[in-house]
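Presented below is the structure to which this report refers.
The values are calculated or read from the model by the stated rules, or taken from the named source; none is laboratory data. As the structure is a computational prediction, the values presented were derived from the model and not from experiment. Cβ sites come from the backbone with ideal geometry, for glycine too, and all protein chains shown count toward neighbours.
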């Protein structure tokens, strides 16, 4: 636990006791204030109004008696005016009392007494008026009777109830005063107890913190400060005394011993470091000269390899061009063979189509011949019909008027036979032309078929030649690819050698730079050793 935390806890406990004391004081003072406020602003006010009631009722009782015994009209009027004045004074206090009694903090006993006061008031006021009326009417006997037998008892009861209300308020004040005294007395005891506890706890915490600080420091804090100041000035020869083994002073003592050992070790190491730095500097300078020579030689070798690599790359470019040409030749031969195969396929289709066409034309010629025979049959029928029509016309002419209608029909039939014969002749002429054209087509197609077959044969021969060309081109491409592969391997080998030489060159340069850096670092180490010796001279061991 840290000193700060201990101090916080110690003072926190004292502050907590003060806070508790303040809270209790606040509650007690508030209670006392509430009770005193109740006594002065509530109970005493009600008691004051009740006393006003009593004075008004007492004086009115005397005034009513004076009314009965009044000797003159003037005395009677003065007494009546006095009664009215006292009643107004009573009503003013009654209004104020009514406001106080409307509060929610009024007890049931207060309400009962206040209700009784109002009831006896309502009972007594008519009796006062009756006594005054009897006196004013001159009926002294009735006035005496009302005064002695009714009004006097009512006034006595009224005053008694008012006194009861006054005594009740007085009792409330006495009870509140008793409670205030009890609270004030207990509050005094609490303040004494809590203050004593706070003082005791504060003293205990102060002693505990002081003891723990001494245990932690190992002695007086001023002595610890002197020891630390002496060590900060480089004096490691002093003696450190501590009361506790785990205290700060004990740790400072151990630190002083360890620091003394460390300083001695640093002094020895700085001497050895200076000697070795001088040796490393000499060796690094020799290695640096050798590395510079190696850089020059590797640069010459790299230039020669770059020239060789450039020549081989030119050969590779030529071989790659040859490879491209061979691939183009193979591609063109493939495309030519495919084109010839397509031509052969189309010629085969043409040959098949021509043969089919010849067959169809022969069928068409046969159908034309059959149509010619049918035309001859139609011509014969037409001639016979014409002959029959002629005979019918002759017979109709023989019949005279009777056969005229038949002659007309026979003439129409003959005309139809003539037109049929003409049409048949035209069709026969067209059929003959179709047969001639069909025969010419058949002759031409029969001549074309051998030519198509010959072209197909030549196409197959050209396809074989192109296949031979493609095989030779493929073989050439394979050979070129082998040359390209070998050349690429040579290029890769040369590139690897060149990269290796370049890496060697870079390594040589890096080695040279490293050796230069080593020389600089060795010089820095030598300076560092000197500075360490100078720094350790600060301490007295």
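Working carefully through the options 134, 143, find the one that is buried (at least 18 other Cβ atoms within 10 Å of the Cβ) and in contact (Cβ under 8 Å) with a residue 40 or more places away in the chain. Sole residue among the options that is buried (at least 18 other Cβ atoms within 10 Å of the Cβ) and in contact (Cβ under 8 Å) with a residue 40 or more places away in the chain: 143. Scan the range 323-339 and give yes if some residue there is touching a helix residue (DSSP H, G or I) at 6+ places or on another chain (Cβ under 6 Å), modelled with pLDDT under 75 and farther than 30 Å from residue 482 by Cβ, otherwise no. For the range 323-339, residues touching a helix residue (DSSP H, G or I) at 6+ places or on another chain (Cβ under 6 Å), modelled with pLDDT under 75 and farther than 30 Å from residue 482 by Cβ: absent.
I'd like the full set of residues that are in a helix (DSSP H, G or I) and out of contact with any helix residue (DSSP H, G or I) (no Cβ under 6 Å at 6 or more places or on another chain), limited to the range 102-122. Talk me through it step by step, then tell me what you get.
Keep residues of the range 102-122 that are in a helix (DSSP H, G or I), which gives 108-122.
108, 109, 110, 111, 112, 115, 118, 119, 121, 122 - these are the residues of the range 102-122 that are in a helix (DSSP H, G or I) and out of contact with any helix residue (DSSP H, G or I) (no Cβ under 6 Å at 6 or more places or on another chain).
Are any residues in the range 476-506 out of contact with any helix residue (DSSP H, G or I) (no Cβ under 8 Å at 6 or more places or on another chain), closer than 30 Å to residue 303 by Cβ and at pLDDT 75 or above, and if so, which ones? Spell out how you get there, then give the answer.
Start the filter on the range 476-506 by keeping residues that are out of contact with any helix residue (DSSP H, G or I) (no Cβ under 8 Å at 6 or more places or on another chain), which leaves 478-479, 482, 485-486, 489, 492-493, 496, 499-500, 503, 506.
Pick out the ones that are also closer than 30 Å to residue 303 by Cβ and you get 485-486, 489, 492-493, 496, 499-500, 503, 506.
Those that are out of contact with any helix residue (DSSP H, G or I) (no Cβ under 8 Å at 6 or more places or on another chain), closer than 30 Å to residue 303 by Cβ and at pLDDT 75 or above: 485, 489, 492, 496, 499, 503, 506.
Against the numbered list (1) at pLDDT 70 or above; (2) in a helix (DSSP H, G or I), residue 240 comes up short only at (2).
Residues in the range 64-71: is at least one farther than 30 Å from residue 148 by Cα and in the same structural domain as residue 159 (by TED's automatic domain parsing)? First the steps, then the outcome.
Taking the range 64-71 first, the residues farther than 30 Å from residue 148 by Cα are none.
No; the residues of the range 64-71 include none that is farther than 30 Å from residue 148 by Cα and in the same structural domain as residue 159 (by TED's automatic domain parsing).
Residues checked against (1) surrounded by 16 or more Cβ atoms within 10 Å (Cβ to Cβ); (2) modelled with pLDDT of 75 or more:
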{"position": "2", "(1), (2)": "no, no"}
{"position": "16", "(1), (2)": "no, yes"}
{"position": "30", "(1), (2)": "no, yes"}
{"position": "33", "(1), (2)": "no, no"}
{"position": "37", "(1), (2)": "no, no"}
{"position": "43", "(1), (2)": "yes, yes"}
{"position": "46", "(1), (2)": "yes, yes"}
{"position": "49", "(1), (2)": "yes, yes"}
{"position": "53", "(1), (2)": "yes, yes"}
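Going by the conditions given, is residue 367 assigned by TED's automatic domain parsing to the domain that holds residue 427, in contact with a helix residue (DSSP H, G or I) (Cβ under 8 Å, 6 or more places away or on another chain), in a helix (DSSP H, G or I) and at pLDDT below 80? For residue 367, the condition - assigned by TED's automatic domain parsing to the domain that holds residue 427, in contact with a helix residue (DSSP H, G or I) (Cβ under 8 Å, 6 or more places away or on another chain), in a helix (DSSP H, G or I) and at pLDDT below 80 - is not met.
From the list 45, 29, which one is touching a helix residue (DSSP H, G or I) at 6+ places or on another chain (Cβ under 7 Å) and part of a helix (DSSP H, G or I)? Show your work before the answer.
Numbers: 29 fails: touching a helix residue (DSSP H, G or I) at 6+ places or on another chain (Cβ under 7 Å).
Selected residue: 45, the only one of 45, 29 that is touching a helix residue (DSSP H, G or I) at 6+ places or on another chain (Cβ under 7 Å) and part of a helix (DSSP H, G or I).
Within the range 87-101, is there a residue that is part of a helix (DSSP H, G or I) and closer than 24 Å to residue 144 by Cβ? Yes - at least one qualifying residue is present in the range 87-101.
One line per residue, one yes/no per condition, for (1) under 26 Å from residue 17 (Cβ atoms); (2) at pLDDT 75 or above; (3) not in a helix (DSSP H, G or I):
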{"position": "174", "(1), (2), (3)": "no, yes, no"}
{"position": "190", "(1), (2), (3)": "yes, yes, no"}
{"position": "195", "(1), (2), (3)": "yes, yes, no"}
{"position": "199", "(1), (2), (3)": "yes, yes, no"}
{"position": "211", "(1), (2), (3)": "yes, no, no"}
